[in-house]
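Peer 1: For reference, the structure I am asking about is given below.
The values are calculated or read from the model by the stated rules, or taken from the named source; none is laboratory data. This one's a predicted model, so the numbers in the text were calculated from it and none came from an experiment. With ideal geometry, Cβ positions are generated from the backbone for all residues, glycine too; neighbour counts draw on all protein chains shown. All accessible areas refer to the heavy atoms of the entire protein, side chains included, with ligands and DNA or RNA removed. Shrake-Rupley method; radii C 1.70, N 1.55, O 1.52, S 1.80 Å.
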Amino acid sequence: MKQNGLFFLDVLSIMPKDGTLCYIQAPDLEDSLVMQKTDDPALMLMRFDNDSLDKIKIKIMLDDIQDFIMYISIRNNGIIYFEGYDGIEFGIFSKFFHIPRWFIKKYKQENRYGISTDW
């Protein structure tokens, strides 16, 4: 597993499960995850539940699937919590999302994430 895989796993770990949706642009992964089609042909939808999270975590650890992800948007109740780009090497959190202290301590100095001023 590459370093960005660990970052992506940590991002997934801090997201709430209830009501969270993950929109993924990764054409090469459509058949390897529990995803549904959306109105946007470029994006697939994964609902956060124990089954889908377990599957994506295993794929990240064993297959480095994050390398195939061009864009990801994690939303809860219509609010964007996180957007990641280019293999999830970095991302942007909502200014309304509470980032845990341990996450800040681990990634802030590496400039692995930013905080949106707009959303």
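Peer 1: Within straight cross-link reach of residue 106, meaning Cα distance under 18 Å, which lysines are found once same-chain residues fewer than 8 apart are removed?
Peer 2: Straight-line reach from residue 106, under 18 Å: 2.
Peer 1: Now for a separate question. What dipole magnitude, in Debye to the nearest 20, does the chain give about its Cα centre under +1 on Lys/Arg Cβ and -1 on Asp/Glu Cβ?
Peer 2: The dipole magnitude comes to about 640 debye.
Peer 1: Turning to a different aspect of this structure: Do the alpha carbons of any pairs in 17/59; 37/57; 17/57; 17/37; 37/105 sit beyond 25 Å of each other, and which pairs?
Peer 2: Listed pairs above 25 Å: 37/105.
Peer 1: Quick one: which of 48-61, 80-93 comes out on top by average Cβ neighbours within 10 Å, and what's the full order, highest first?
Peer 2: Highest-to-lowest ranking by the protection proxy: 80-93, 48-61.
Peer 1: Which residue, chosen from 61, 115, 9, occupies the Cα position most advanced towards the positive end of the dipole of the chain, where the dipole is computed from +1 (Lys, Arg) and -1 (Asp, Glu) charges on Cβ about the Cα centre?
Peer 2: Ranked along the dipole, the leading option is 115.
Peer 1: Measuring with a 1.4 Å probe in the full set of protein chains, what accessible area per residue, in whole Å², belongs to the chain?
Peer 2: For the chain, the per-residue accessible area is 57 Å².
Peer 1: In addition: So what is the relative contact order of the chain, in percent, for Cα pairs below 8 Å that sit 6 or more residues apart?
Peer 2: Once divided by the residue count of the chain, the mean separation gives 25 percent.
Peer 1: In nm, what is the difference between 0.36 nm times the number of residues separating residue 118 and residue 52 and their Cα-Cα distance?
Peer 2: 20.8 nm
Peer 1: Assigning unit charges at the beta carbon (Lys, Arg +1; Asp, Glu -1) and nothing else, what dipole magnitude in debye, to the nearest 20, does the range 35-86 show about its Cα centre?
Peer 2: In total the dipole reaches around 180 debye.
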